[in-house]
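Q: This is the structure I have questions about; it appears just below.
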Amino acid sequence: MELAYYSDYAVRLVNTEEPARNKDSLTSVEAIRELFGESSQAARRATDADVTRFRSVRGRLRAVFTVADSGDETQAVDLLNSLLLEFPVSPQISGHDFRDEDGRPKWHMHLAEHPSNATAGYAAIAAMGLAFHLTEYGVDRLGLCQAAPCRTPSPHPPTTPPRRYCSDRCATRANVAAYRARKRLEAERSVSTGHTAETAHETSPRTER
């Protein structure tokens, strides 16, 4: 379903923070407007007060990805339902400027922006997008990147198998880290085994001649 496309709103917002690196790019009205895109009406309504509100919504959206990544489907749904109740959406039929070969608009469902404030509008679209993504493709498609310290939300499209990493870069980094960890473990085992054999040789009773 094309409305699952709106889950990208949630991904963009959550990715403004990297908790493991203590980084946060959501620090200004300009940062909020970038999340919406220049053409959005709601972006122009953003104020300094929205920075704090956006951060609060961001934490709740990250929680959805976190529990989904752990496989707790029921809790992920509960968290999303809480957001949907607080930030309702207004679905509309839209044709934009697309035309078919007969000159008619290509009608499709569209989530209208909420008129009250920038945070409400963005949160409504992000939560509904995640809800469509979860119900259409399954909770296992809302995971987090497994490469530490990335942990970036990485919803997977239905045309590809579920993946553990958000990018080839993270996959490579994780594989290199795993390889080095295996090598360290092998080296530690080798040293331990060598010491054990040496100790056993030194403490074994000698046969008297």
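Q: Restricting to Cα atoms and excluding each atom paired with itself, what does the Kirkwood estimate give for the range 101-153 in Å?
A: Evaluated on the range 101-153, it is 14.0 Å.
Q: Going by average Cβ density within 10 Å per residue, which order do the peptides 17-29, 124-136 take, highest to lowest?
A: Most protected by this proxy first, the peptides run 124-136, 17-29.
Q: Further question: On full extension of the chain, what length is gained from Asn175 through Ser90, given 0.36 nm per residue of separation minus the C-alpha to C-alpha distance?
A: Additional length available on full extension: 26.2 nm.
Q: Tell me the Kirkwood radius of the range 72-133: reciprocal of the mean inverse pair distance over distinct alpha-carbon atoms, in Å.
A: Kirkwood hydrodynamic radius for the range 72-133: 13.1 Å.
Q: Given a Förster distance of 45 Å, report the FRET efficiency between Glu188 and Arg55 from their Cβ-Cβ distance, rounded to the nearest 0.05.
A: Efficiency, from the Cβ-Cβ distance: 0.55.
Q: Debye sum, Cα scatterers, the range 32-92, no solvent: what log₁₀ I/I(0) at q = 0.22, 0.24, 0.27 1/Å?
A: -0.99, -1.04, -1.10
Q: What does the extension gain come out to for Tyr5 and Asp100, with contour length at 0.36 nm per residue minus their alpha carbon separation?
A: Here the segment from Tyr5 to Asp100 would lengthen by 32.0 nm.
Q: Sticking with this structure for a sec: Return one whole number: the accessible area per residue of the range 16-140 in Å², for a 1.4 Å probe.
A: Averaged over the residues of the range 16-140, the accessible area is 56 Å².
Q: P(r) for the range 1-149: what percent of alpha-carbon pairs falls in each 10 Å bin, starting at zero?
A: 11, 39, 33, 14, 3, 0
Q: For the ranges 81-92, 139-150, 45-56, 5-16, what's the packing order if you count other beta-carbon atoms within 10 Å of each residue, average per peptide, and put the highest first?
A: 5-16, 139-150, 45-56, 81-92
The values are calculated or read from the model by the stated rules, or taken from the named source; none is laboratory data. Note that the coordinates shown come from a computational prediction; the quantities given were computed from them, not determined experimentally. We place every Cβ from the backbone using ideal geometry, glycine too, and count neighbours over all the protein chains shown. The accessibility values were calculated without ligands, DNA or RNA, using every heavy atom of the protein model including side chains. Shrake-Rupley method; radii C 1.70, N 1.55, O 1.52, S 1.80 Å.
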